[in-house]
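Below is one structure; the comments refer to it alone.
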Amino acid sequence: MFDWAGYVLRTAYYYGHLIGVSNFEFDWRTGRVFAARRSTFYAIVINGIMFLLLIFQSTKKMDYNLIIGKSNKLLQYVIAIVFGLRLAAGISVILVRWTRRTQIMRLARMVIPLFLEKPQVMRMSRRGILIKFIIACTTDFLQMSIIWEAMGYAKDYQILGMVLQFWMSTILNIATSHHYLLVLFVRAYYSLLNTELKQVIEESRKLSYHPQRKGAFMTRCCSLADQLENIAKLQSQLQSIVNQVYDVFGIQGLMVYGGYQIVTIATTYLTYSILKNGHEKLEMTLISMILSFSWCFFYYVDAVLNLFNILNLIDDHKKMIRLLEERTLFASRLDVRLEETFDNLQLQLVRNPFKIKVLNTFTITRSSTSEVLGSLITYSILLIQYDIEYF
């Protein structure tokens, strides 16, 4: 049977090397992570070229009227902030990959063996992999189409800036894809652990209603205790992986989330400007307008996909806590070791609460997400009010 999910993952792996995001390799069969000379040398060369082009481009004046032929100063400032932030975010991705290379390789050595140990994780993640692959490819294609459309009337010195913008976009896209896939695999593992925990609790509940027979009863309780200890060990590993991900990629995460907010405000203001003046007055072609809004749509779909991937992981952890609360339904005391194992797992979850923080400044929850959406609406309204008063 053709393993299309594995093919998609390999494509993302080699694409990351091609654009200069990845600077080490791993064996797909054994899971061995290593720093090969060829990948290191290629990453140094491609990243060096990128930084040289960025330095050269910084000496040139950037024209923000390529897509929007005629715009007021406020819209130009907003577009400049969007472009600047995406450039900074792309640079931060590359810098993190080099400054935290040892930690990232250590993290990969934790994740890949776990992934290879459970083949069902891949099967459970296929739908999420396919959706992410389609959205990521569509976003890159639309970004390339926008640049291709703008090149028709761009000057020679402006082409380099557009190419760099596309390069930074692909870097951000593959970096967020890596993060998405990692969280997706952790979610699949959590789902397996919750299923196994539910079975252990159900069997323990049944045992609690049976008379205690020393032989079979003790053997079964010891087996259930072993399963619980394995669940506790894996849960600790998964939570450690998530904590390390947000510790290593904290700056990158902050830049990406900041980008989502700025692009949202910019898109709202651009939409208002088009409705107010019409795309003809802005000297914006119909094709470029359609491509731009299509890109924004898939960009937001990707953002929502990443967000709910994280929120669903938090829900899976909460589900594990709720499952452990079913211990109160046991009829009588079980084996001492089994009871202690249940207590230790509950204590582990209480002592190490599952919180996802971006650079220890922003905690991702459903309520905090609602607050961010509210602030985005407020900032968008303020920007529009400023335009009404002064432009």
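List of remarks:
- Once the Cα atoms are used to define both axes, helix 37-58 deviates from the longest principal axis of the chain by about 40 degrees.
- Dipole size of the range 1-152 about its Cα centre, with +1 on Lys/Arg Cβ and -1 on Asp/Glu Cβ: approximately 400 debye, rounded to the nearest 20.
- At R0 = 51 Å, FRET efficiency that the Cβ-Cβ distance of residue 28 and residue 318 yields, to 0.05: 0.95
- Residue 367 versus residue 106: modelled label distance in nm, points set 7 Å from Cα along the beta carbon direction: 3.4 nm
- Charge dipole (the chain, unit charges on Cβ, about Cα centre) - positive-most of 306, 277, 104: 104
- Residues in the range 98-140 that a label on residue 40 would reach, taking backbone N under 18 Å of a point 7 Å out along Cα→Cβ: 98-109
- 5 Å binning of all Cα-Cα separations within the range 292-391, expressed as whole percents from 0 upward: 2, 9, 12, 14, 14, 11, 9, 8, 6, 5, 4, 3, 2, 1, 1, 0
- For the range 89-200, a/c is not less than 1.5, where a ≥ b ≥ c are the root eigenvalues of the C-alpha gyration tensor, and a/b does not top b/c. That puts it in the oblate class.
- In this rough spin-label picture, where each label sits 7 Å from Cα along the Cβ direction, the residue 355-residue 301 distance is 3.6 nm.
- Angle in degrees between helix 156-208 and the longest Cα principal axis of the chain, rounded to the nearest 10: 20 degrees
- Rounded to whole numbers, the Karplus 3J(HN,Hα) couplings from phi for the range 245-259 are 4, 7, 7, 6, 9, x, 4, 4, x, 5, 5, 5, 5, x, x Hz, using 6.51 cos²θ - 1.76 cosθ + 1.60 with θ = phi - 60°, and x at Gly and Pro.
- Over the chain, DSSP H runs of length four or greater, each weighted -39,500 (n - 2.57), average out per residue to a 222 nm ellipticity of -28500 deg cm²/dmol.
- Think of the range 225-299 as having a plus end and a minus end, set by charges on the Cβ of Lys, Arg, Asp and Glu; of 232, 295, 257, 295 sits farthest toward the positive end of this dipole.
- Per-residue 3J(HN,Hα) values for the range 90-107, derived from phi via the Karplus relation 6.51 cos²θ - 1.76 cosθ + 1.60 with θ = phi - 60°, read x, 5, 4, 4, 5, 5, 5, 4, 8, 5, 10, 4, 4, 5, 5, 5, 5, 5 Hz in sequence order (x marks Gly and Pro).
- Top positive-direction residue, dipole computed over the chain with Cβ charges, set 158, 194, 338: 338
- Rg over Rh, two decimals, the range 234-335 (C-alpha only, Kirkwood Rh): 1.27
- The Cα-based radius of gyration and maximum Cα-Cα distance (Dmax) for the range 86-140 are 15.1, 38 Å.
- Free of any trypsin sites (Lys or Arg not before Pro) that DSSP assigns to a loop and that have at most 15 other C-beta atoms within 10 Å, the longest stretch within the chain is 71-154.
- On Cα atoms only, tilt of 119-151 relative to the major axis of the chain in degrees: 0 degrees
- Pairs with C-alpha atoms separated by more than 23 Å, drawn from the list 132/276; 118/319; 132/319; 73/281; 198/357, are 132/276; 132/319; 198/357.
- Cα-based Rg and Dmax for the range 214-286, where Dmax is the largest Cα-Cα distance (Å): 27.4, 86
- The magnitude of the dipole of the chain, with charges of +1 and -1 set on the Cβ of Lys/Arg and Asp/Glu and taken from the Cα centre, is near 820 debye.
- Working note: Karplus 6.51/-1.76/1.60 with θ = phi - 60° gives the range 78-83 the couplings 4, 5, 4, 5, 4, 4 Hz, where Gly and Pro are set to x.
- Distance between the pseudo-spin-label points of residue 166 and residue 325 (7 Å out from Cα toward the beta carbon): 5.3 nm.
- Descending Cα extents along the principal axes, the chain, whole Å: 85, 53, 39
- Accessible surface, per residue, of the chain when the full set of protein chains is kept, probe 1.4 Å, Å²: 52 Å²
- Carbon/sulfur fraction of accessible area - the chain, other protein chains in place, 1.4 Å, %: 63 percent
The values are calculated or read from the model by the stated rules, or taken from the named source; none is laboratory data. Predicted, not measured: the structure shown is a model, and the values here were computed from it. Quick reminder, even Gly has a Cβ in these numbers, built from the backbone with ideal geometry, and neighbours come from all protein chains shown. To get the accessible areas, we keep the full protein, side chains included, count just its heavy atoms, and leave off ligands, DNA and RNA. Shrake-Rupley method; radii C 1.70, N 1.55, O 1.52, S 1.80 Å.
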